[in-house]
Amino acid sequence: MSAPTQVLLVSTSYPARGDDWPGLFIRRITHALAARSDLSLRLWAPPGEIPADVIYVATEPEQHWLARLMQAGGIAHLLRNAGARGVFAGFRLLLLLRALYRREIDIDVYHVNWLQNALALERNRRPLLVTVLGTDMRLLKLPGVAMALRRVFRRRRVAICPNARWMVPLLRQRFGNVAKVDFVPFGIEPRWFDMQRASDMPATWLCVSRVTHGKMGSLFEACAPFFEGQQRELHLFGPMQEPVRIPPWVRYHGAVTTEALYTQWFPRAAGLITMSQHSEGWPQVMLEAMAAGLPIIASRIAAHEDMLQHGQTGWLCGSGADLERALEALEDAVTNKQVGARARAWARDTVGTWDDCAARYAGIYHDLLHEPGANG
């Protein structure tokens, strides 16, 4: 029996407690990879509940800095909103990562989450898998970033793995001659596929999102004619990360745990609404909603058009008239159940569980380590 593949998993996001929002998907990935007998996992991430068989490699000073970074909203949030403080945090992160990569040399493959965390990699030939989310696409618009990444990617085998299909052509255009670019979806907890929805669904709609101007998009303006003073209810869940004015007719609850969504909110809701204009991958809460058989009404951005088949597994809206038709259609119980059932089948067939996600990554590690030749 061959020795397990030694993987260094790098992330600037990880939940401090089991069901915290920030970085929860990284925790799911970590647990799924750690459960595989063919892998041995080392983790560099903010402190949290780490599986016992994972080697946690962040030093104590690094842990403190990463914990403060999480409390400040994460590196992408700081770079967008904190001016000079955000720039300083970016440089500090690169220094910490450079120290990490120089001391963690007894590994077979890097698994780096977010392109920014690959910038500090040593110029060695060790293979790299880098996951890409929607925020990475904004990073690539900054002068010099793509060129710096190309220098990192040259002379090593690289797999760039966006979590949404719409990013693939753009990434291949930038890096196709120095890296292999393939869509790799994240996973979904199995319990979402088994969730039972209430038979009598009131006109209760949910928006589950970080509260920023980009994430809210046109939500309040679009929904106001159909919710304000009406029998319908719009419940908004998520941490306030930018000073967004929430209208009084919206029922804002702040951050919510996935447990509360699973037991209390998803079973009795008519569906999920998002009018986000943010650069998205495949939002995890939308995947979970689809697995739960919960219909989604979404804005026409690339990520949503990538996920939803209009009128079949969800509803895409580009105008108030579109939203009105979507609400009328999905508040019909029969249509609602049919759309939800098709969404659940799509999520099961296309995305699967976190164990399925870990298997996809393990296959890529194997290819990186055993395919002949190198990039560049």
Starting from the Cα-Cα distance between R92 and A341, subtract it from 0.36 nm times their residue separation and give me the gain in nm to one decimal. 84.9 nm
With bins 20 Å wide starting at 0, give me the P(r) of the chain over every alpha carbon pair, in whole percents. 28, 57, 15, 0
Could you give the nm distance between label points at S218 and H253, where each point is 7 Å from its Cα heading toward the beta carbon? 2.7
With +1 assigned to the C-beta of every Lys and Arg and -1 to the C-beta of every Asp and Glu, and no other charges, what is the dipole magnitude of the chain about the Cα centre in debye, to the nearest 20? 1580
Can you give the convex hull volume per residue for the Cα atoms of segment 127-278, as a whole number of Å³? 145
Quickly work out the Q71-to-R103 label distance, labels modelled 7 Å from Cα along the C-beta direction, and quote it in nm with one decimal. 2.2
Considering all projection directions equally, how large on average is the shadow of the alpha-carbon convex hull of segment 272-376, in square nanometres? 8.4
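Can you give the extra length, in nm with one decimal, that the chain gains between T263 and H310 once fully stretched, where that is 0.36 nm per residue apart less the Cα-Cα distance?
Values: separation 47, 0.36 × 47 = 16.92 nm, distance 2.78 nm.
Between T263 and H310, full extension yields an extra 14.1 nm.
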List the lysines whose alpha-carbon lies under 20 Å from that of K141, not counting same-chain residues fewer than 8 positions away? K215
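Can you compute the helix-only [θ] at 222 nm over the chain? Use -39500 (n - 2.57) per DSSP H run of at least 4 residues, normalise by all residues, nearest 500 deg cm²/dmol.
Working: 15 runs with 148 residues, N = 376.
Mean residue ellipticity, 222 nm, calculated: -11500 deg cm²/dmol.
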Please name which of G214, A343, A303 has its Cα lying farthest along the dipole of segment 190-351 towards the positive end, using unit charges on Cβ (Lys, Arg +1; Asp, Glu -1) and the Cα centre as origin. A343
For segment 190-351, what is the convex hull (Cα atoms) projected area averaged across all directions, in square nanometres? 8.4
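Starting from the Cα-Cα distance between L369 and R138, subtract it from 0.36 nm times their residue separation and give me the gain in nm to one decimal.
Working: separation 231, 0.36 × 231 = 83.16 nm, distance 3.01 nm.
Net length gain for the segment: 80.1 nm.
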Output the peptides 21-27, 104-110, 128-134 sorted from most to least packed, where packing is the average of other Cβ atoms within 10 Å over each peptide's residues. 128-134, 21-27, 104-110
How far is it, in nm, from the label point at R125 to the one at Q196 when both lie 7 Å from their Cα along the line to the Cβ? 5.9
Within the set F226, F91, F193, GNM on the chain using Cα springs under 10 Å gives the largest fluctuation to F91
With springs connecting C-alpha atoms under 10 Å apart, model the chain as a Gaussian network and identify which of A148, A321, A164 has the largest mean-square fluctuation. A321
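The numbers here are math on the coordinates, done by the rules we state, and not lab data. The model shown is predicted, which means the values in this text are computed figures rather than measured ones. Virtual Cβ from ideal backbone geometry, glycine too; neighbours counted across all protein chains shown.
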